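**Student:** Attaching a single structure in structure tokens format; questions to follow.
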């Protein structure tokens, strides 16, 4: 099909043929003006359509049509392909003789701006991104009122043609990193993309790693704060998750709450999250290691209770732990899929009934229940759900290693994780910044949260040309 | 071009490379070879190490950032150099792998008496391989993370201050049965690893305080060694130290926590990070030498061969006594090389300078 420079009649036929068997498309004719409109009723806003197209066409005479088409809302298209793409993007195509125009009346139904369920905060703003790209851009622009906030529109997906906006603040974000990100987005080869978290997997440098390499957030304040720190943000059409880059491992442990509360509280919370990370990753594995190989490490006061509790369990600690960890994961997954009210019931059933019954039935020891529950609770302290899920998965590997090789296996696993993390990069920057490569200044906002008066420099990872904040 | 290695990281790398499992027996070695107040020998050896580093610094200045290999190969034929390379490969790779094996045999003795050491060593080899293939920049990053994971350990010595008594140090200096040359080799052996600075020259930024970081890193290691030795002398006393195989282990055993017993087992396992970096840096140097001999070989294949060959050889050292004997000879050869290589390089650089002038 030749989409280039076709005559008006041919172009109309090509468009009509392209939308064959699309019963949701609307053809509307104005015979007295020799005009046909083609659009998707559900993609256009009725008021815009009426104001910009229908009403002017009803009021105009055939002789004045050329004058009407000179108005700014009418954009002339050059070929059928462009017209088809415009219709798919919610524009109204106006066919008149050899000319084709499109008018933007995009306004599909979308949900209202509501609170994010996965990233709730105690204090701070509650508005979160929606699936509507324009709404999301508006939410960012409302927070960053600067003409230096630049947006670059790209399209991804051979079939879905999903729009992606790359946003950055000129003069603060590193141009090289912006160009690198754009290059990667342009190189994506796929049929379709439906979500921000799915999108970032196409631009990862290490797609086989278990760790998320781009931080994603539904919170507008988070994205705005990262933009002014010199990071680059990306918005994906149809997704409430925006992403930012470059990202480091430690960023996944910070939450907006850290900044909205007093700095000492923010610091304490952040440290708590790192402790939670250590507990999640090692606690159950350490229990398995100690009860399988290193009984000598258990204090005497605890030893009797533990031995009594373990004596009723017919399995080795490894199976016992894997069984309980698996149960917890089942409960979590079931709770996530069910409506919140039923989800709570599952929590109670799982937490009390299964836990209690498992101990009484002699399937598991009560100390293991404490270990498994503590590490599960600790995993939910990590603000990023994606990171939390990755860490929970790694935990299984450590439990298996600890169950087979005790503390040696546990340390081997930890060393392997560190080695893996050392090799990860995000947009060419180290994933372990600011620990390795080390930047002492960045530590003020990594493991702790210093008072704002001391946070005067932007993070080193963004390689900003404008290192000092407030400039 | 790859990012250059920052002096901060060099400092941490030096500490991680130098400090290792040798620290566990060091207080006994100082007592055995130097007699009363043998801990002072650490200061002497630390000074010798600094002199050796000074030789590296002269090479760095005179060579203007050129690598060791570039300097050597631009003046000496490869037929002469390759046997020397082979000898260096033999000494460094064996030292590295046997230090790893020493740690594993000690670990086996403490926790896994019935598990064959070759199984435990296999895990160690896997870590070596995966880190080595990532290149020096990532090795340095890993050493930084491992440094933080173990940086708290020297502070454990504070726990023993309550039991420390100055009178146990005695007023006598280097009295008892002594063998100072042997002792210096042993102590220097536990401080080996600083030679990596010579091979890191092309990877650091010119005019950065690179050698200051090397010296500070080395001094920090010496300080930790010194503290451990002083505490051991003041805690156990000279006579008892002679009868303890691994005094640091006994010091750790003294630490009691309410929620965990045999804390020393847990502490000992943290040393895996230090030993890993010590061994990996040795293998990295070996990889550089092998890369000069087998110029067309794939780096991953070379690394695999290094890890495999040293794994096989290390299995022959099946007892700690045999291993200590082997290590003693290797330390002597390694120390000689550490002095010989920079001296040869300085001579070559002088010749090259004269040739340039003429």
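The values are calculated or read from the model by the stated rules, or taken from the named source; none is laboratory data. Just so it is clear, the model here is predicted, and its values are computed rather than measured. Heads up, the Cβs are rebuilt from the backbone with ideal geometry, glycines too, and the neighbour counts pull from every protein chain shown.
**Student:** Does residue B:267 meet the test of being surrounded by fewer than 22 Cβ atoms within 10 Å (Cβ to Cβ), within 29 Å of residue B:113 (Cα to Cα) and in contact with a helix residue (DSSP H, G or I) (Cβ under 8 Å, 6 or more places away or on another chain)? Before the answer, list the steps.
**Tutor:** On the way: surrounded by fewer than 22 Cβ atoms within 10 Å (Cβ to Cβ): yes; within 29 Å of residue B:113 (Cα to Cα): yes; in contact with a helix residue (DSSP H, G or I) (Cβ under 8 Å, 6 or more places away or on another chain): yes.
Here the answer is yes, as residue B:267 does meet what is asked.
**Student:** Of the residues B:261, B:256, B:205, which single one is within 14 Å of chain A (Cβ to nearest Cβ), touching a strand residue (DSSP E or B) at 6+ places or on another chain (Cβ under 9 Å) and either under 30 Å from residue A:294 (Cα atoms) or touching a residue at least 24 places away in the same chain (Cβ under 8 Å) (or both)?
**Tutor:** Result: B:205 is the single residue among B:261, B:256, B:205 that is within 14 Å of chain A (Cβ to nearest Cβ), touching a strand residue (DSSP E or B) at 6+ places or on another chain (Cβ under 9 Å) and either under 30 Å from residue A:294 (Cα atoms) or touching a residue at least 24 places away in the same chain (Cβ under 8 Å) (or both).
**Student:** Same structure, new question: State yes or no: is residue A:186 touching a strand residue (DSSP E or B) at 6+ places or on another chain (Cβ under 9 Å), in contact (Cβ under 8 Å) with a residue 24 or more places away in the chain, surrounded by fewer than 22 Cβ atoms within 10 Å (Cβ to Cβ) and on the phi > 0 side of the Ramachandran plot?
**Tutor:** no
**Student:** Under the condition of being in contact (Cβ under 8 Å) with a residue 60 or more places away in the chain and facing chain B (nearest Cβ under 9 Å), which residue from the range A:419-456 is farthest from residue A:229 (Cα to Cα)?
**Tutor:** The residue in question is A:420.
Conditions (1) over 30 Å from residue A:127 (Cβ atoms); (2) within 14 Å of chain B (Cβ to nearest Cβ); (3) free of Cβ contacts under 8 Å to residues at least 60 places away in the same chain, marked per residue:
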{"residue": "A:276", "(1), (2), (3)": "no, no, no"}
{"residue": "A:279", "(1), (2), (3)": "yes, yes, no"}
{"residue": "A:308", "(1), (2), (3)": "yes, no, yes"}
{"residue": "A:311", "(1), (2), (3)": "yes, no, yes"}
{"residue": "A:340", "(1), (2), (3)": "no, no, yes"}
{"residue": "A:345", "(1), (2), (3)": "yes, no, yes"}
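**Student:** Have a look at B:275, B:286, B:224 and point out the one that is in a helix (DSSP H, G or I), away from every other protein chain (no Cβ under 14 Å), within 21 Å of residue B:22 (Cα to Cα) and at pLDDT 95 or above.
**Tutor:** On the way: B:275 fails: away from every other protein chain (no Cβ under 14 Å); B:286 fails: within 21 Å of residue B:22 (Cα to Cα).
The unique qualifying residue is B:224.
**Student:** With more than 30 Å from residue B:109 (Cβ to Cβ), more than 14 Å from every other protein chain (Cβ to nearest Cβ) and free of Cβ contacts under 8 Å to residues at least 60 places away in the same chain as the only criterion, which of A:369, A:391 stands out?
**Tutor:** Sole residue among the options that is more than 30 Å from residue B:109 (Cβ to Cβ), more than 14 Å from every other protein chain (Cβ to nearest Cβ) and free of Cβ contacts under 8 Å to residues at least 60 places away in the same chain: A:369.
**Student:** Of the residues that make up the range B:140-152, is at least one more than 15 Å from residue B:271 (Cα to Cα) and either more than 9 Å from chain A (Cβ to nearest Cβ) or assigned to a helix (DSSP H, G or I) (or both)?
**Tutor:** Checked against the condition, which is being more than 15 Å from residue B:271 (Cα to Cα) and either more than 9 Å from chain A (Cβ to nearest Cβ) or assigned to a helix (DSSP H, G or I) (or both), the range B:140-152 yields at least one hit.
**Student:** Looking only at the range B:301-339, count how many residues are outside any helix (DSSP H, G or I) and surrounded by 21 or more Cβ atoms within 10 Å (Cβ to Cβ).
**Tutor:** 1
**Student:** Could you check residue A:461 against (1) in contact with a strand residue (DSSP E or B) (Cβ under 6 Å, 6 or more places away or on another chain); (2) in the same structural domain as residue A:335 (by TED's automatic domain parsing) and say which number it fails?
**Tutor:** (2)
**Student:** Quick one: which of B:182, B:167, B:186 is surrounded by fewer than 18 Cβ atoms within 10 Å (Cβ to Cβ), modelled with pLDDT of 90 or more, more than 14 Å from chain A (Cβ to nearest Cβ) and assigned to a helix (DSSP H, G or I)?
**Tutor:** Answer to the check: B:182.
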